[in-house]
Structures are given as C-alpha cells and as structure tokens.
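The next block holds one structure in the form of structure tokens; read it before the comments.
Just so it is clear, none of the values below were taken in a lab; they were calculated from the coordinates. Just so it is clear, the model here is predicted, and its values are computed rather than measured. Here Cβ is always computed from backbone atoms with ideal geometry, including for glycine, and neighbour counts include all displayed protein chains.
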Amino acid sequence: MIGATIPHMLGGAAGILLIAGLWTPIAGTLVTLIELWSLFSQAGDPWIPILLGTLGAAQAMLGPGAWSVDARLFGWKRIDPPDRKS
C-alpha cells in the first residue's frame, strides 16, 4: 500500500513544482520517470502515462516560461541567432 502511494506523492509534488515553474528541468524529468514507471507497472490504458510522460519530457527540455519562479530567480534564457550577412 505504501509502495504504491510514494510515486503518486512524488508525481503530485512534481506537478506542483511544474505549475509554479520551480526546478522545471528536474520536475519535468521526475514526471517522465514516474509516468514510465506507471506505464510498465500498472495494467490498463497506456495512453495517459504516455501522454503525461511526453509532456514532462518536453517541459524538461524546453525549460521554464517567462513568468515562472525559475525565470525570476535565474533569469529567462533566450537564444538569439546571429544576423546573416549576405
């Protein structure tokens, strides 16, 4: 019973961190790992863990948004490509 509760608690905590925009790459990776565990350990519809795991991985790779706590603490990273000289 406790073993099944721990991943759900970690998933809830990671979701709260993602909503707040705090520790975005870590929380996105945690969501991805929890959903992969859920996909392979529980029977039922596999599409919900696949969708949530994909969204967590995308959020981990994209990083925080402009209004997130991470952006306020560490600055919002923006990549500006150099101008092309013809």
Whole-number D in µm² s⁻¹ for the chain, Kirkwood Cα-pair radius fed into Stokes-Einstein, 37 °C, 0.692 mPa s | 231
Residue 50 versus residue 22, label points 7 Å from Cα toward the beta carbon: distance in nm?
-> 3.4
